[in-house]
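Here's the structure we're looking at; comments come further down.
The values are calculated or read from the model by the stated rules, or taken from the named source; none is laboratory data. Because the structure is predicted, anything quoted here is derived from the model rather than measured. Because the Cβ atoms are built from the backbone with ideal geometry, glycine has one as well, and the counts that use them run over all protein chains shown. These area figures cover heavy atoms from the full protein model, side chains too; ligands, DNA and RNA do not enter into them. Shrake-Rupley method; radii C 1.70, N 1.55, O 1.52, S 1.80 Å.
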Amino acid sequence: MRGQRRLFGDLNFRVPPGEALWVSGPNGSGKTSLLRMLCTLLAPEAGEVRWRGRPVRSLGEAYRAELVYLGHAPAVKDDLSGLENLRFALAQEGRRVSEAALVDALRSFGLAGREDLPARVLSQGQRRRVSLARLLFCGDRPLWILDEPLTALDAQAVELVRALISGHLGRDGLVVLTSHQEVDLSGVKVQQLRMVG
Amino acid sequence: MNPAHEGRAGLAAVFVSVVQRDLLLAVRRRADVLTSFFFFIIVVSLFPLGVGPEPNTLREIAPGVVWVAALLASMLALQRLLASDYADGTLEQLALSAQPLTLLVLAKILAHWLVTGIPLVLIAPLLGLQFDLPVEGLVAMTAGLLLGTPVLSLVGAIGAALTLGVRGAGGLVALLVLPLYIPVLIFGAGAVSAAVSGQSVEGHMSLLAAFLLFSLAAAPWASAAAIRIAVE
């Protein structure tokens, strides 16, 4: 429910370890709302979300410690550099990562030489890369919820994200993502959930 | 490794990182911080110019003027506390943290007080000289501000959280928050008046300390609840 409007109902799915769920559908069909429900930002009007068989509402912080959510807003601060943004994003998960590892992560996302520029001067796609670089360190969190991770990315970065996702699934992780683009996740198990407007 | 266990051990580190990030952002956006600081100085300095150089009148109005200016300056700074974090998705990430949101909000409030409250406390004695306040008055004013400005930040955070995503939030914050500042104003200014007239300020200070403890317990919790509603 968003306001008075019923976005979707009668929805039932299960994502086993090592599988991805690709949520697709037209704008306004409720993809983002569904993802926000999965990560407890939004409470469903009816029904519930379960993690390892237990309702996520009652798990609370224990559940949030197992998931990574990258939303529409990249949570990248204009006044901080890419490096600082990444460092603080990871520190807020209680991770202490060496400076060299952070630089490596940004380099592998094609931001070599731009680590110290304030995010204000980065392009949309580069900001998205800064926020995605966080995933390189989040392998120990089994559930990845990615809202439109491929928006504004070029072919090379899309390939990187694809590799990250398959790597995570290979570790028996779970990935739930939305995307308008056709995602080529060949070689991994993907369920597709098509939402209608 | 058990993630829940790791999470608990990391609370202090996460708290510190939130404070550090907000302080670094304040350094990068010095102009914002300086605006409310100079606002305080200018408002307080206008009164001696407007009212005239009569020392007795000045001494009498000093406590009220300084405290009202402090209230307004701290309110002016509130918009920065949560609004930009809300706009760029940082607040969402904090709400999804494995750490209690209440404590992360407290970290943000602490950083906010360090950059907006502490400067007021430090400059206030100097401004008090313009009003010919005696030393006892200056001491009481500084001590009162030291206890009172954190209350302003804490209570203000509730207003800032409640108005997230609302159009014209600035004006609404003033309407919500200023009435709640009244007790701090009364006892803060009262302490200075009492000190100037040679009475004990213990009662005033105890009450300010009580306000501080109460808002320390209630405000982060209330703000966190309001943030959860805002990020829905």
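Just a few scattered comments:
- Cβ charges +1 (Lys, Arg) and -1 (Asp, Glu), total dipole of the protein assembly as shown, debye: 1000
- Pairwise FRET efficiency - A:ALA112 versus A:ARG57, Cβ, R0 = 45 Å, nearest 0.05: 0.55
- In chain A, the DSSP beta bridges split such that about 15 percent are antiparallel, to the nearest 5.
- Interface burial for A against B (accessible surface, 1.4 Å probe, total of both chains, Å², rounded to 100): 2600
- Computed from point charges on the beta carbon alone (+1 for Lys and Arg, -1 for Asp and Glu), the dipole magnitude for chain A about its Cα centre is near 500 Debye.
- For chain A, the share of accessible area belonging to carbon and sulfur comes to 48 percent (1.4 Å probe, ligands and nucleic acids excluded).
- Within region B:132-158, backbone nitrogen closer than 18 Å to the virtual label 7 Å beyond the Cα of B:ILE118 toward Cβ: B:142-154
- Normalised per residue, the accessible area of chain A is 47 Å², obtained with a 1.4 Å probe and no contribution from ligands, DNA or RNA.
- Taking the Cα centre of region B:3-231 as origin and assigning +1 to Lys and Arg Cβ atoms and -1 to Asp and Glu Cβ atoms, the resulting dipole is close to 520 debye.
- Take every pair of alpha-carbon atoms less than 8 Å apart whose residues are at least six positions apart; their mean separation over the length of region B:3-231 yields a relative contact order of 27 percent.
- Degrees separating the helix B:11-28 axis from the principal Cα axis of chain B, which is the longest one: 60
- Among A:GLU148, A:GLU115, A:GLU93: highest mean-square fluctuation, GNM of chain A, C-alpha pairs under 10 Å: A:GLU93
- DSSP beta bridges in the protein assembly as shown [antiparallel fraction, %, rounded to 5]: 15
- Farthest toward the positive end of the dipole of region B:3-231, out of B:PHE187, B:SER97, B:THR163, is the Cα of B:SER97, where the dipole comes from beta carbon charges about the Cα centre.
- GNM top mover of A:ASP154, A:ASP104, A:ASP172 - chain A, alpha-carbon springs below 10 Å: A:ASP154
- For the pair A:SER166 and A:SER123, label points projected 7 Å from Cα toward Cβ lie 2.6 nm apart.
- Taking all protein chains as shown and a probe of 1.4 angstrom, A:ARG54 keeps an accessible surface of around 130 Å².
- By the Stokes-Einstein formula, at 1.306 mPa s and 10 °C, the protein assembly as shown with its Kirkwood radius over alpha-carbon pairs has D equal to 67 µm²/s.
- Contact order normalised by residue count of chain A, Cα under 8 Å, 6+ apart, percent: 37
- Portion, in percent, of the accessible area of region B:3-231 that falls on carbon or sulfur, probe 1.4 Å: 73
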